[in-house]
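Undergrad: Dropping the structure in here first, questions after.
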Amino acid sequence: MTETIISTGQSQSGGTVTSGNTLIVSAGGYTTGVTVSSGGLELIRSDGTSYDTVLSNGGREVMGSGGIAVSTLVSQGGSEEVFSSGTATNAQVRNGGTLRVYSGGTASATIVSR
């Protein structure tokens, strides 16, 4: 199990987060095109931003405390969760994917399709 932190001035492009592993995006860091699956977790907080993440087969993306996710694809078995002060924009939720927005969280321009 590993925990990777992306923070101010740092970024990650591509890569896969799988079972037991966590990618934390915070404090001005950002990721692009990361795939999260098979029990992996991407946690976005404190003004971190994630672009074009793909969630599937038990992969989770969680936003809170100023975390922003843009253009996430939530497919079969994937889950995107938006907590207080988190934002999900332009998410696409396909058959079998889940988007949960909790009190104080924001989701906009979401597309739900089969």
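Readers should treat all values here as calculations from the given coordinates under stated rules, not as data from a laboratory. Predicted model only: the values in this text are computed from it and were never measured. Reconstructed Cβ throughout: ideal geometry from the backbone, glycine too, with neighbour counts over all protein chains shown.
Undergrad: I need the full set of residues from segment 9-25 which are surrounded by fewer than 17 Cβ atoms within 10 Å (Cβ to Cβ) and not polar (S, T, N, Q), in order please.
TA: Within segment 9-25, Gly9, Gly14, Gly15, Gly20 qualify.
Undergrad: Which count do you get for residues in segment 71-103 that are assigned to a loop (DSSP other than H, G, I, E, B) and in contact with a Gly (Cβ under 8 Å, 6 or more places away or on another chain)?
TA: 10
Undergrad: Kindly indicate the residue of segment 4-18 that is free of Cβ contacts under 8 Å to residues at least 40 places away in the same chain, part of a strand (DSSP E or B) and in contact with a Phe, Trp or Tyr (Cβ under 9 Å, 6 or more places away or on another chain) and also farthest from Gly66 (Cα to Cα) among those meeting that condition.
TA: So the residue we want is Gln12.
Undergrad: Is it the case that Gly97 is surrounded by fewer than 20 Cβ atoms within 10 Å (Cβ to Cβ) and not polar (S, T, N, Q)?
TA: When the stated conditions are applied, Gly97 does not pass them.
Undergrad: Tell me which residues, restricted to segment 31-70, are among the small types (Gly, Ala, Ser), buried (at least 18 other Cβ atoms within 10 Å of the Cβ) and either assigned to a strand (DSSP E or B) or out of contact with any Lys or Arg (no Cβ under 7 Å at 6 or more places or on another chain) (or both).
TA: Listed by number, the residues that qualify are Ser37, Gly40, Gly48, Ser50, Ser56, Gly59, Ala69.
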